[in-house]
1. Using 7 Å Cα-to-Cβ label points, what is the residue 32/residue 79 separation (nm, one decimal)?
2. Can you list the HN-Hα couplings for region 57-69, worked out from phi with the Karplus curve (6.51, -1.76, 1.60; θ = phi - 60°), rounded to whole Hz and with x for Gly and Pro?
3. How big is the C-alpha Rg of region 13-98 next to the rule-of-thumb value 2.2 N^0.38 Å, as a ratio?
4. Over region 13-98, calculate the relative contact order: mean separation of alpha carbon pairs under 8 Å at least 6 apart, over the residue count, as a percent.
5. Please give the helix 87-98 orientation as an angle from the longest Cα principal axis of the chain, in degrees from 0 to 90, rounded to the nearest 10.
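Values quoted throughout were computed directly from the atomic coordinates according to the rules given, and no laboratory measurement underlies them. Fair warning: this is a prediction, and the values are worked out from it, not measured in the lab. Here the Cβ is made from the backbone with ideal geometry for all residues, glycine too, and neighbour counts use every protein chain on show.
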Amino acid sequence: MNSSGTRTHEALARDVRVMDEELVVELVDGRTVSVPLSWYPRLRHGSTEERRHWRLIGEGEGIHWPHLDEDISVGDLLAGRPSAESDESLRRWVHSRDGSE
């Protein structure tokens, strides 16, 4: 295979859906990536409305949920890397949201 002159295209997100049990990201090249929602605890703890309020960052290199303070890169999704947030950090975040946990 001759790759001279061929540009490597980064995988970029086009659309996002947060389902009950999975995060589904459609890429501009036609692929669809789905991962368990349990990989991203902030999304799992978010309300339906908070999950729906996302925006693409870096022209689709990542996804940002402003109300959940969550950023996920397409590269991490494709590499199979779940959130690296510590349990303690997640506990503090949950507590800051509702003061009950």
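1. For residue 32 paired with residue 79, the spin-label model returns 2.6 nm.
2. Calculated HN-Hα couplings, in order: 10, x, 6, x, 6, x, 10, 10, 10, x, 6, 10, 6 Hz.
3. Details: Rg = 12.4 Å, N = 86, 2.2 N^0.38 = 12.0 Å.
This ratio for region 13-98 stands at 1.04.
4. Numbers: 111 pairs, mean separation 17.9, N = 86.
So the answer I get is 21 percent.
5. 60
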